[in-house]
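Bear in mind that the values in this text are calculations on the coordinates, not laboratory data. Please read all numbers here as calculations on a predicted model, not as lab measurements. Cβ placement follows ideal geometry from the backbone for every residue including glycine, while neighbour counts extend to all protein chains displayed.
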Amino acid sequence: MPQKPGNPPHLHRAPLSYQNPAFINSPDGRLVRIISEYSEPLARFRRERIQDTIVFFGSARFRNHEDASQELELLDKPGSATPAPDEEQPATDEEIAQGTATDLQRRRAEAGVEMARYYEDARQLASMVTKWSQTLKGRRHRFVVTSGGGPGIMEAANRGAYEAGGKTIGLNIRLPFEQAPNPYITPSLNFEFHYFFMRKYWFAYLAKALVVFPGGFGTLDEMFELLTLVQTEKLAKKISIGPPTHQGSGCCSSTTSRKPRC
C-alpha cells in the first residue's frame with residue numbers, strides 16, 4: 001500500500017532573480033550584466049552632472065620622472081604586482097656607478113627615464129585642461145579628464161586633474177592580473193567593467209577629444225576603434241583624436257566626426 005505523505009518541510013522564500021548570484025553570474029544572466037554596465041554608469045554620470053569628457057590613452061608602464069630615476073620597476077604585465085626577473089630589471093644608479101649593471105639593464109633604466117617625460121606631459125596637459133574647464137559657466141561638468149583608471153599614462157592624466165582640483169574619471173577593467181585603480185580618480189567616478197565593449201562605449205559616448213600617448217596594443221586598439229567610428233560616420237557629434245605635441249604639451253592636429261548614436 002502506498003504510504004501517506006507526511007507534512008512537507010518548511011520552504012524558504014526563493015531569492016529574487018536579480019539577487020540570485022547563481023543566475024546573475026551564469027550565461028543566462030549575461031544580458032542583465034551587460035545592461036547593468038550601461039545603466040549604472042549612466043546613473044552615476046547623471047548624478048555627478050558629467051556632460052562630456054577628454055579621454056587620455058597611453059602606456060601603463062610609464063612612471064613619473066622621480067620614480068623612473070630612482071626605482072623604476074619593469075613589470076611583466078601592465079598593472080601587475082609581479083616583477084620581471086632580476087636580470088631584466090632596469091639598472092639602479094648604484095649599479096651603473098659600480099659597473100655591475102648589464103647592458104640590457106642600463107638601456108632599460110635609460111629608457112625608463114626617457115619615457116617618463118610622457119607621464120609628466122600627460123600630467124601637465126590634464127591639469128591645464130581641468131583648470132580651463134573650471135572657468136566654464138554652467139551647472140554641469142565639462143571636459144572631465146578620463147582614463148582607463150590604471151597606472152602609467154592613465155595615472156598621470158587622473159593625477160593632473162586631481163592636482164588641479166577637478167573631478168576625474170577612471171574606467172577600469174577587471175583583468176586576470178588584477179589591475180588596481182590609481183589613487184587619483186574621484187571616488188564617485190571610479191568604475192570597473194567586466195566587458196571591454198561596454199567600457200569602450202563609455203570612453204566614446206561622452207568624449208569630446210581623445211589624446212593618445214605612446215602605448216601598446218590596448219592604446220592602439222582604442223585609437224583605431226575611434227578612428228573606425230569616425231571613418232564610418234557612426235558618430236553623431238564632433239570629436240578630436242590625436243597625439244599631444246611635445247611643445248608645451250599642447251593638443252594636436254585632429255580628426256573630427258560625431259558622437260556615437262545610441
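Worth a mention:
- Loop-resident sites, the range 165-207, for trypsin sites (Lys or Arg not before Pro), counting at most 14 other Cβ within 10 Å (DSSP): 174
- Structure note, pairs 131/200; 131/234; 167/234; 137/167; 167/200: Cα-Cα distances above 22 angstrom occur for 131/200; 131/234; 167/234.
- In plain terms, the residue of 147, 240 with the fewest other Cβ atoms within 10 Å comes first and the most crowded comes last, giving 240, 147.
- Gap separating the Cα centres of the range 134-176 and the range 9-37, nearest whole Å: 33
- Arranged from fewest to most other beta-carbon atoms within 10 Å of their beta carbon, 118, 201, 38 become 38, 201, 118.
- Length added when fully stretched, residue 16-residue 196, from 0.36 nm per residue minus Cα-Cα: 62.0 nm
- Neighbour-count ranking [beta-carbon atoms within 10 angstrom, fewest first] of 171, 227, 220, 235: 220, 227, 235, 171
- Working from Cα pairs under 8 Å separated by at least six residues, relative contact order for the range 175-241 is 33 percent.
- Less than 5 angstrom separates the built amide H of residue 238 from those of 259, all sequence-distant by 5 or more or on a different chain.
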